[in-house]
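Take a look at the structure set out below.
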Amino acid sequence: MPTKALYRDDFYLSTAEGTVTAVHEDGAIELDQTCFYATSGGQPGDTGFLERADGSKILLGPTRHGATKDIIHHVPLDGQTAPQLGEKLVLHVDWPRRYKLMRMHTACHLLSVVCPFPITGAAVGEDESRVDFDMGDTVNKEEVTAKLMSLVSENHPVFLQWITDEELAANPDIVKSKNVRPPVGLGRVSLVCIGENSAVDSQPCGGTHVSETQEVGAVYIARIEKKGKENRRLRIRFGTPDSESA
């Protein structure tokens, strides 16, 4: 049965209750609802633990989707005790890790504003992320960093708007990524909007993000790599360029 994805409406929700609806042969656990983000769109799935009524914990590795995008599998680490069908559990997301991913994912959106080129690939990490752009000219990493930090310090609001799958299909140009399509099939698609009235940016994305750009903190472009005649990979890290040599 479909899993109600609570994180879609509240990125800051780190604890919730859920009831076990399935336990698979590989150990994956399905719940009726979850605050855990499942691996998708370049963002890793949440880790954390499930708390049982007796206080014991089921430790979890990265969360993933099941057979379809509306099914979410919580994946126990080796040696964990399996819960029972119908058992009520309390879900605990590894919040420090999730929050870093939220900050990083938002930083990647800001990078796509600074570098307004089609995106050919991306991967969000806890300490470093990469965004690949379809571009021939190499940009200056110091200039990109300065523009990026300007958007961060201006503290623009970050919020969601929802459109239907049909509205997305009718407006394909709002998708910046050439290779990764927004999650569809759930009836609605979230637009991640930055700035008052989406003045800075608006693009479909199913990932998790902070609520204002200053939460991103200090970030910088560590490297720009040439991955082909028309492809440049920008690596973004937390901190400042000085911290790299420290």
Task: Residue, surrounded by the fewest Cβ atoms within 10 Å (Cβ to Cβ), within region 202-238, restricted to residues that are at pLDDT below 95 and within 30 Å of Leu13 (Cα to Cα) - done: Ser202
Task: Test for Gly27: is it on the phi > 0 side of the Ramachandran plot and either free of Cβ contacts under 8 Å to residues at least 40 places away in the same chain or not hydroxyl-bearing (Ser, Thr, Tyr) (or both) - done: yes
- [ ] Can you tell me which residue among Leu77, Leu110 is more than 14 Å from Thr34 (Cβ to Cβ), assigned by TED's automatic domain parsing to the domain that holds Ile194 and modelled with pLDDT of 95 or more?
- [x] Leu110
TODO: Determine if region 76-90 includes at least one residue that is of a type in the set (Val, Ile, Thr) and in a loop (DSSP other than H, G, I, E, B).
DONE: yes
Task: Qualifying residues in region 43-69 (those that are modelled with pLDDT of 95 or more and polar (S, T, N, Q)) - the one nearest to Met104 (Cα to Cα) - done: Gln43
Task: Which listed residue is under 30 Å from Glu30 (Cα atoms), surrounded by fewer than 19 Cβ atoms within 10 Å (Cβ to Cβ) and touching a Leu at 6+ places or on another chain (Cβ under 8 Å), from Trp162, Trp95 - done: Trp162
Open item on the list: With the structure loaded, tell me whether Leu186 is at pLDDT below 90 and touching a Pro at 6+ places or on another chain (Cβ under 8 Å) or whether it fails that test.
Closed with: no
TODO: For Phe36, state whether it is at pLDDT 95 or above, of a type in the set (Phe, Trp, Tyr) and either closer than 22 Å to Arg188 by Cα or in contact with an Asp or Glu (Cβ under 6 Å, 6 or more places away or on another chain) (or both).
DONE: yes
Open item on the list: Just the residues that are among the β-branched types (Val, Ile, Thr) and either modelled with pLDDT of 95 or more or outside the structural domain of Ile119 (by TED's automatic domain parsing) (or both), please, taken from region 189-201.
Closed with: Ile194, Val200
TODO: Taking Val131 as the residue in question, decide whether it is assigned by TED's automatic domain parsing to the domain that holds Val158 and either closer than 14 Å to Gly45 by Cβ or surrounded by fewer than 18 Cβ atoms within 10 Å (Cβ to Cβ) (or both).
DONE: no
Task: Members of region 199-246 found to be within 22 Å of Val139 (Cα to Cα), under 20 Å from the mean Cα position of the chain (by Cα) and among the acidic types (Asp, Glu), listed by number - done: Asp201
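The values are calculated or read from the model by the stated rules, or taken from the named source; none is laboratory data. The shown structure was predicted, so the numbers you read here are calculated from the model rather than taken from an experiment. Cβ coordinates were reconstructed from backbone atoms using ideal geometry, including for glycine residues, and neighbour counts include every protein chain displayed.
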